[in-house]
Every structure is written in structure tokens, then in C-alpha cells.
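So the structure is just underneath, and the comments pick up after that.
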2 protein chains.
Amino acid sequence: MPEKRYLFTPGPTPVPPDVLAASAQPIVHHRGPDFRTTYGRCLERLRRVYRTDSDVLLFTSSGTGALESVIENLCVPGDRVLAVTNGNFGERWAEIARLHGCEVQRLDYEWGATPSVDDLTARLEETGGAKVVLITHSETSTGVVADVQALGTAAKAAGALVAVDAVSSLGAVPLELDAWDLDAVVSGSQKALMAPPGLAFVGVSAAAMEAASQLPARGFYFDWRRTKAGQDALDAPVTPSVSLVTALDVALGLLLEEGLEAAFERHVRLGRACRAGAKAMGLELFSPDEDRSAVVTALRVPDGVDAAALLLDLRDRMGVQLIGGQRDLKGKIVRIGHIGYFDVFDITTALAALELGLAEAGAEIERGVAVTAALEAFEHTKV
Amino acid sequence: MPEKRYLFTPGPTPVPPDVLAASAQPIVHHRGPDFRTTYGRCLERLRRVYRTDSDVLLFTSSGTGALESVIENLCVPGDRVLAVTNGNFGERWAEIARLHGCEVQRLDYEWGATPSVDDLTARLEETGGAKVVLITHSETSTGVVADVQALGTAAKAAGALVAVDAVSSLGAVPLELDAWDLDAVVSGSQKALMAPPGLAFVGVSAAAMEAASQLPARGFYFDWRRTKAGQDALDAPVTPSVSLVTALDVALGLLLEEGLEAAFERHVRLGRACRAGAKAMGLELFSPDEDRSAVVTALRVPDGVDAAALLLDLRDRMGVQLIGGQRDLKGKIVRIGHIGYFDVFDITTALAALELGLAEAGAEIERGVAVTAALEAFEHTKV
């Protein structure tokens, strides 16, 4: 195995050294003053990243747990939800709703397609509306980023609550819980927020919290009211992952110090650089060639190249971890994540490794151009 | 604030330096070879600690999440469960079962009492049996450790599945999933297993897994079958907390290197030392004066002493974090945890701080004897 490792996957993502160091601090008690200070500051920083004055509820879980909390707290069996699906994570949310006994209506797209507002409006009319519309902001499985603001407005116009999976977008792509009138926005620690995996969040509008409080509690661990009551008192209802919260607090401090707008601009430029480099090499983009989709670049594998073997070669010989497609896209695409703690040299390293791997696999690609094309796109584009 | 901090609470507990260092390793992808190796080894080590050949399912959550998984996977609304409660955590499990629509029968004890086999047998006869009996092994709120083997045998004789909350006992007190014929044993990373909080487990017997597979899945994140399928393939169904699993793997390695029997013996001697020191000082024990209850020592606060002020004084002036009572025991007891990464000098430090704090609070205690009594009890007792 090579000595140096490069993590270029769309989650988990690389974590800055200061954040890793914070995660290794000696454990403190979660009801003591040290942790309560950290906890309160971390929750406040989350609210700034979500751009909300409402609550951002924090759970020790993966993002999937927080997705499940949305269903558990907003729906009872029989409630109709409309799931907008265009990839693996939209499918997962729909499946969670089904398991909880919801009537799941769907607006299905091919994987890789971008959902449209007109389709959503039409589908909501057909189905007679829905209590909650489930939208995936950044579909990590394909690199597509949806226009959540417009989709959310259409869903609200039909009287639905708007729930958004922003696990791989929050902190990388503009998202505003309050200004866009979103109701439940899920994210996780291990993507653009630059912390280790293990924490998940849901930003909850006042309307969504009110809707939840009209229902009987149906669970304990992911119960919103219990969690809000604990957070309001800085007294977590269950033992939180003290180390991960401490790490996340440092990571959010770094993000807010850079500034959200600067971070969004950096991600746009990283996305342009990655796409420019890939295209210069002669590769076909699978994810859209647009600034909004600036967090994951999905590329079609050239004909005749075994994608699995290519990824193993990059990983085991070069120490460069990219990732392939999920489900039907397995073997057809490779994905380069550039979410969070990334600069342009991560992009050029990913492209250089890909160039080398593809050339050695016998693909007909243009050599010697990708890195420079990426550098130029990064430097010479204004957002 | 004092510079050095001493964490003497029954969870989270102190974490060894090697475990903290492991938690700060750069993030690797959860489907890559590095993590899969760690993940597989960690799961195998968990099975050794549980003393089982069955599955130990691992979740990113607090212990409460894994308690909820037991209800979610073994019960459907209307199923009867019998909750044996003698403290805060037994109450919590009963509440979780109620939220999930179970018919909750109870065998209630005063907080601080030890459940009896005869009572359980009689109660199961009265109620016409139960699908699942919920037992708390170590009731962290009071320091009582129940005889789970005997209680479990009685529950099995009545045809029930036996579910055990072993969050603060596993690794400190003998527990054998297979030999004692237990069905679902819950634990967490942050107690005797010497890792940061954020991971929880449930060891599941073949009978319990079979019972779960007879029911429709009712959730996603805590679903046992989905989790087992992922673990069997070393391909976690959701992104696990890579850092915490890496840390836990190191911590379990330390525990197994010491040896489980040696760890149990150490905990018995630590418990004897703590009780001997407290009694020498003239304090009254709240938790039982018996070897089985060797993980938390609960002490009655002398009349006239303000327990909250005492705990704040220890914490803020001396850097020594003990913890008070929960619910009705608030203000009446203080608890010293000695679970996991503890040696006798942690006990003497806790006792010395308590002696100093009580003396300054005006309590009539015997000075100058507690530390030596603890040292002697630790050294001169054979298990």
C-alpha cells in the first residue's frame, strides 16, 4: 500500500488537522460546564450555517438517522408524502417513509436527471397534494444538485411541508432554511462541514415543529420535542458523542471564519476545475456541467475500461480513493468528491491519478492537459 | 478552573491515550480496505467481550438508540413486555416500549432495590407471561447490579425473550450472552469499554434474530436485519462513525489484552476500595455493599450538606467530576463511577476530594482514614 492516502470521496471527506486534534481531547462529562459551553456554541454555529433562527436538532447518528427522524416526527401511518427521486438517496428516503406506513407517492426521474418545478406542481395536483414533500438537494450518487428554493416554493404553494436532504450540500452550496421557507433540512457532519462521520442534524422550521407537536410521540431517540427541550436547556436528552461535537464545533468555526459565501465560491471554482480537467482529458461528464452541481463530479468511464479495476488501482497503488457508481451506475461512472476541506491541488491530484490509471488501463485519453486545464479554470473564473 | 481534570462519572468515562490517538487518525473511506479490516476486527472483538458466537450489531448512537432497537425489532404494537424497573434507565426502557405501542407490564422496585427472581416469576404468572422481559444489568442511577443470569433463566422459563441493558456493566461485570441464554444485550462505547461516547451495540441471540425476522421491518436506521446483512459483508448499511470505530477497536484490544476475568477482578477490587474508603470516612452507602455492584458507588450525602454545592465545589475548585442522583435521588446521593480505565489512585483521588469537600462543607466526617482504607481494601482482598 502507498504511504500517503488521498480521500476524494463525497463523504466521509478529509478532516482538517485542528478538527482531528479536537476530537482527541480527553473526554469531559456531557453535563459539565466545559461541554455545555462547547455544545451551546456548536448549536449556535449550526444555526448560522443553516441560516436560521429556528432550531437545528443534533443527533449522534449518520445522516440516514436524521432522515428517518423527519418521517417519524412529521408523519403517522397513512399520511401521504411525495418523494422526488433521482438517485440513491432519494430512493432511501422514500423507502424509510414506506417502512413507517406512509402512503408514498413519487416523482421519479432517471438517475442523473434534475427535478423540475413544473413536474412537481403537476404531480402534486395529480396526487391531491401531500403532507410532506421529500427533496434531495445534492444527490450524492450522481452529483446532481436540485433547485431546492424553487421546488420548495412549489411544494409550499400546494400546502405541503418541505423536507430536504442536504447531507452533502450544506456548507458547500447555498441553502437558507428561513429565507427559502424550508421546513426540515437534514445534514451530517462528514461532508462539507469537515468533521468525522457520526453526527447528523435536522433544521426544523417553526411550522414543522408545530406539526410535529400535534402528533403523539412515536419514538424516543429521534424525537424532536425531547431533543429540542434538551438543547434549549443545554442538557442533552441522551449522552451525545462528546468528542465528535467538540470536533464539529472547531470545524464549524473554520467554515464560518472562511465565510459561507467564500466557501460556496470555492466549491464552484473547484467544480469548474474538476470538470474542465476531465473534459480536457476527453472524458464525458455524467453530472451536469453547471455551477450549482459543484460538490461531486461524476464521470463516465471510457468504453472498454473496467471501472472497478481502475478504482482499485488508484486506491491500492496510488493511495487515491475515488468511488464508483451505486446500483445501476456501478461500473459506469466514477465519482470525485470535492466537498469540504478541499483546495485546487486536491483536484489536480485526483485528475493526475485518474489520467495515469486510465492511460495504463488502455483508455484513449488526452495526456498532459487535465491538470493545467483544471488550474486555469480554477484561477480564471469569477463566480 | 483547576488545570487537571478528573472524570469519575459512570459514563462517559476516561479514555486511554492510545484510544484518543486512534480517534484522531485521518478519516478513511468506510468501504475501503483499511476501514473494513478495522471494522471486522472490532466486530470480532465485540463478540469476544459479549462471549457470543452470535451477532453483535453496531450502531452510531448512544446506548438509548440500541435500547430502542430492541423494542423496534422484537415488538409490534400490542405486544406485552414486562419491564423490571429499579432506577432511571429501567424507567427509560419502559417508556420507549410504551411509545412504541407495547402493552407494558411492570415489576417496579424502589430505586436502589435489587430485583428478585421470585418476584419476576410471580409477576410473569400474574400477567400471563410476556413476549420480552426488559432487565437492567447495572442500574447506573443507583449502582445496583442485578443477577441477570438468574433473572434471565426465570424469564426464559416463562417463555419470554430476555433483553438486558448492559450499558454500564459489559466489560466490568461478568456477562455471557451465549452461556446465560440471553437474547438481546445492549451496551455502549463510553463505559467499561473505554472509548468515547457515540457507539452502541446489541448482541442478538439466534432466537431473537429469528423473532425479529418474523416481523415486518418498522424502521431503517436501527433495523437489525439490514445491519446484520451489512456487517456480514463488512459493508455497513449507513456511514459508520469511522473515527469512533477505530478508537473502539483499540480500546477493545486493550481490554482483551488485560483479559476479561482480570478486568472483572480489578472492578471488584476498585469497588471494595471505594466502599471501604467511604465507610471509613463515616459515609453511608446507598448502593449495595456487595462485589457484584462494583461499577458505581452511590453514597448518601450527610445531613446538612448541600449535595449540589458540594459537587460544584469538587468540580470547579478541584477539577474532580463526580455526579449526583437522578430524579428523586437528586440532592440525596453522590455517585462515584469506577468503570473502565480506572486504577486505585483514581479511587483515592475521588475519596480525597470528597473528604476535603465534605470537611469544608461542615460535615462531621472522619478525616485522614479514607485513602488508606481504600488502599488496604484494594491490596489485601482476594476476589
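General observations
- Geometric descriptor of chain B, per residue, is 130 Å³ (volume of the convex hull of the Cα atoms).
- The magnitude of the dipole of segment A:1-138, with charges of +1 and -1 set on the Cβ of Lys/Arg and Asp/Glu and taken from the Cα centre, is near 660 debye.
- For B:GLU257, A:GLU91, the ranking by accessible surface with the largest value first comes to B:GLU257, A:GLU91, using a 1.4 Å probe.
- GNM result for chain B, Cα springs below 10 Å: residue of B:ALA150, B:ALA212, B:ALA160 fluctuating most strongly: B:ALA150
- Buried on assembly, segment A:181-222 (at least 40 Å² less accessible surface than by itself, 1.4 Å probe): A:PRO197, A:PHE220, A:TYR221
- Inter-centroid distance (Cα atoms) of segment B:11-52 relative to segment A:41-74, Å: 26
- Compared with its chain on its own, segment B:1-29 contains the following residues whose accessible area drops by 50 Å² or more in the full protein assembly (probe 1.4 Å; ligands, DNA and RNA excluded): B:PRO12, B:LEU20, B:ALA24, B:ILE27, B:HIS29.
- Here the label points at A:ALA179 and B:GLN149, each 7 Å from Cα along the C-beta direction, are separated by 6.5 nm in the simple model.
- Rounded to the nearest 500, the helix-only mean residue ellipticity at 222 nm of chain A stands at -13500 deg cm²/dmol, with each DSSP H run of n ≥ 4 adding -39,500 (n - 2.57).
- Accessible area of B:PHE89 (1.4 Å probe, protein heavy atoms only, ligands and nucleic acids ignored): about 40 Å².
- Acute angle (nearest 10 degrees) that the helix B:88-99 long axis makes with the longest principal axis of chain B, alpha-carbon atoms: 30
- Counting 0.36 nm for each residue step from A:THR37 to A:LEU215 and taking away their Cα separation leaves a gain of 60.8 nm.
- Solvent-accessible surface of chain A, averaged per residue with a 1.4 angstrom probe and all protein chains in place: 34 square angstrom.
- Here the protein assembly as shown exposes an accessible surface that is 48 percent carbon and sulfur, computed with a 1.4 Å probe and the other protein chains kept in place.
- Crossing angle, helix A:260-281 versus chain A [Cα axis fit, 0-90 degrees, rounded to tens]: 30
- Interface burial for B against A (accessible surface, 1.4 Å probe, total of both chains, Å², rounded to 100): 3900
- Between helix B:370-380 and chain B: long-axis angle, C-alpha atoms, 0 to 90°, nearest 10: 60
- Ordering A:LEU215, B:VAL344, A:ALA172 by Cα displacement along the dipole of the protein assembly as shown toward the positive end leaves B:VAL344 in first place; charges were set at the Cβ atoms of Lys, Arg (+1) and Asp, Glu (-1).
- Fraction of antiparallel bridges per DSSP, chain A only, in percent to nearest 5: 50
- With 40 Å² as the minimum drop in accessible area between chain alone and full protein complex (1.4 Å probe), the qualifying residues in segment B:230-251 are B:THR239.
The values are calculated or read from the model by the stated rules, or taken from the named source; none is laboratory data. Predicted, not measured: the structure shown is a model, and the values here were computed from it. Glycine gets a Cβ as well: all are built from the backbone with ideal geometry, and neighbour counts include every protein chain shown. We work out accessible area using only protein heavy atoms, side chains counted, and drop any ligands, DNA or RNA first. Shrake-Rupley method; radii C 1.70, N 1.55, O 1.52, S 1.80 Å.
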